[in-house]
Amino acid sequence: MIEFQVEGMSCQHCVAAVTKAIQAHDATARVQVDLAQGRVAVESVQDARVLQAAIDEAGYTVKGAVDGATNRAAGNV
């Protein structure tokens, strides 16, 4: 799972827009958006750069990405 820190999301329309943008590149992607934390978690076969570009193209600013599996393995989550 990859987690992105995303700025500019504030409502359910934002959730839908980000989800749709990601799923346009991977129809089977699982997307979880946390508006309060500004985080988007994605399980996808796509490369993180492709997913980040999709979020950017939807009009949101990606401030960073973390590979959740690596982060959990390191005990950081």
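One residue stands out among those in the range 1-41 that are of a type in the set (K, R) and in contact with a strand residue (DSSP E or B) (Cβ under 7 Å, 6 or more places away or on another chain): the one that is surrounded by the most Cβ atoms within 10 Å (Cβ to Cβ), which is R39.
Per-residue answers, yes or no, for (1) outside any strand (DSSP E or B); (2) small (G, A, S); (3) at negative phi; (4) touching a helix residue (DSSP H, G or I) at 6+ places or on another chain (Cβ under 6 Å):
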residue	(1), (2), (3), (4)
H13	yes, no, yes, no
A21	yes, yes, yes, yes
V33	no, no, yes, yes
A41	no, yes, yes, no
V50	yes, no, yes, no
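Scanning the range 52-77 for residues that are at pLDDT 95 or above, outside any loop (DSSP other than H, G, I, E, B) and surrounded by 16 or more Cβ atoms within 10 Å (Cβ to Cβ) gives Q52, A54, I55, V62.
The values are calculated or read from the model by the stated rules, or taken from the named source; none is laboratory data. As the structure is a prediction and not an experimental result, all values here were calculated from the model. When we count neighbours, we look across all protein chains shown, and the Cβ atoms used for this are built from the backbone with ideal geometry, even at glycine.
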